[in-house]
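Contents: one structure, followed by commentary.
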Amino acid sequence: RPFIVEIAARPGGGSLQYMAKISYGYCSISAALEAAQGNPPTEIPALKPTGRVAVGLTMLCDEGRLDSVEVPPELLTHPAIFNFTVLPKAGSVIKRPPHGNDIFAYIGATGETLSTALDNAASFAAQVQVRFLEDAKETAS
């Protein structure tokens, strides 16, 4: 009988727990809590798709010293978006290869199909405005 086993001392990170809940109705956080309380793993019935596909993507941007980020208000409340997190703060230096490989943001989106979920993520990501300070190229290298 297969069991889900987490080898780290924490549940999976990022958007994984949301993606499992949205797509299959499985809560990895509840399973981790049960294990932490010393309860043996419970048998998991065959996971059935919920009809929603969830994707978690990493957003990149150009390099430079970040001035500001403008996020459309509807992105944060849209039912197709379950996660949107900008990592750097204003004034941060974002580096791209070969100087570094900084991540700008994470976005999690849903749809009835993989294509729709990816389109939703791309559509909202394209609306995010990233502005850099004028000295951006000099300070990033």
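Miscellaneous remarks
- Computed over protein heavy atoms with a 1.4 Å probe, the carbon and sulfur contribution to the accessible area of segment 9-132 reaches 57%.
- Selected from L60, L47, G14, residue furthest toward positive end of dipole (the chain; charges at beta carbon): L47
- Protein heavy-atom accessible surface, 1.4 Å probe, per residue over segment 34-116: 61 Å².
- Compactness of the chain as Cα Rg over 2.2 N^0.38 Å, two decimals: 1.30
- Mean sequence separation of contacting Cα pairs (under 8 Å, at least six apart), scaled by the length of segment 71-123, corresponds to a relative contact order of 35 percent.
- For segment 17-56: span of alpha carbons on each principal axis (Å, largest first): 32, 21, 9
The values are calculated or read from the model by the stated rules, or taken from the named source; none is laboratory data. Being a predicted model, the structure only gives us computed values, none of them experimental. We place every Cβ from the backbone using ideal geometry, glycine too, and count neighbours over all the protein chains shown. For the accessible areas, the whole protein counts, side chains as well, though only heavy atoms, and no ligand, DNA or RNA atoms are used. Shrake-Rupley method; radii C 1.70, N 1.55, O 1.52, S 1.80 Å.
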